[in-house]
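To start, the structure under review is shown below, and the notes come after it.
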Amino acid sequence: MRFSVSHETRYQYSVPVGFAPHVIRLSPRLDAGTILAQSIEVDPLPAWRDDLLDHYGNPFTRVSFQGHFDHLRIESRFEVVTPIMPPLPLLSLAPLPWPIDYEGEFASYLMADGIEGTVRHFAAELAGACQWDAVSFLYRLTETLFQRTDRHIRVEGLAQSPAYTLASARGACRDLAVLFMAACRSLGIPARFVSGYQAEAESVDGQRHLHAWAEVFIPGWGWIGFDPTHGRPTGDGYVALCAAPDQAATMPVEGGFYANGVTATLDYRVRIATGT
């Protein structure tokens, strides 16, 4: 699928402020597909800029500023053709003893400390109902979270705790992704948080937004995406910007400003066009 994305973010300040260095994570991952064009415009013009890759393979832009300004505008534009992914067959792994013996490189994607008992119990019940088949469990988990959760948009804030999302049965896409990850990790399946865009304009406010989903690592298949917000595996209708062990490493804009007694507002606009 061919994606054309424009994502404008604008911060407005009540008085001119000085900026700390900023990190911008709004470029598609190199494995997201064939990138035809991309650009990131920053106003005011940075005094210094560098385009880099982090150790998770995510592209990011680092900028610093000199002077004081009453606004910061960032616009990312890109065109990418995403690959068609073959469907993951059910029962392809047969019953497996979990946890799977993964190499040490997956340690950060397996962190299970602090996963609440209610989430562990929920995951174990689903796995047992699937005869502990990994792929069947992943499909069942995706569909169950989609069916049970009142999904909504929450613009600001980090993800809720997995236990809270499970108990309240209510959350934004990032909340469902984090709960999905916790359920997988509690059973020894490596999982990571992904931010990006999806093709369908399904939102309660009729606007386009950044989206979040989860990916799990399956031997012989690699990283496979599941979107509990839409109740299905991901495919060519998704473009990944960042993938990391936690949400914090995928924030689209990260930075700060220096001033006293200032008020700040945030506005953004996402436009997405798709075709073949």
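Please treat every number below as a calculation from the coordinates, not as lab data. On a predicted model such as this, the values are computed, not experimentally measured, just so you know. Using ideal geometry, Cβ is built from the backbone for each residue, glycine included, and neighbour counts are taken over all protein chains shown.
What to note about this one:
- Fraction of antiparallel bridges per DSSP, the chain only, in percent to nearest 5: 95
- Identified option (computed percent of Cα pairs over 25 Å apart; candidates (i) 48; (ii) 40; (iii) 45): (i)
- J(HN,Hα) series, the range 139-153, from Karplus relation 6.51 cos²θ - 1.76 cosθ + 1.60, nearest Hz, glycine and proline x: 5, 5, 4, 4, 5, 5, 5, 5, 6, 8, 9, 7, 8, 8, 9
- Relative contact order (%) - the range 154-276, alpha-carbon pairs under 8 angstrom, separation at least six: 25
- Once both labels are positioned 7 Å from their Cα atoms along Cα-to-Cβ, the gap between Ala37 and Trp221 label points is 3.6 nm.
- Relative packing of 19-29, 180-190, which averages over residues the other C-beta atoms within 10 Å, highest first: 180-190, 19-29
- For the range 108-116, 3J(HN,Hα) per residue [Karplus equation, 6.51 cos²θ - 1.76 cosθ + 1.60, θ = phi - 60°, Hz, x = Gly/Pro]: 5, 9, 10, 4, 10, 4, x, 5, 5
- Full-stretch length increase - Ala20, Thr118 - with 0.36 nm per residue and alpha-carbon distance subtracted: 31.2 nm
- Cβ-derived FRET efficiency at R0 25 Å, Ala248 paired with Arg140, nearest 0.05: 0.30
- By average C-beta atoms within 10 angstrom, highest first, the peptides 3-16, 137-150, 113-126: 137-150, 3-16, 113-126
- Full-extension gain in nm, Arg271 to Arg170, via 0.36 nm per residue minus C-alpha separation: 33.7 nm
- Estimated vicinal HN-Hα couplings, Hz - the range 271-276 in sequence order (Karplus 6.51, -1.76, 1.60; Gly, Pro = x): 10, 10, 10, 10, x, 9
- Degrees separating the helix 173-185 axis from the principal Cα axis of the chain, which is the longest one: 40
- Under-5 Å amide H pairs with Arg232, H placed in peptide plane, nonlocal only: Asp227
- Projected label points at Ser4 and Arg148, each 7 Å from Cα along the beta carbon direction, are separated by 4.2 nanometres.
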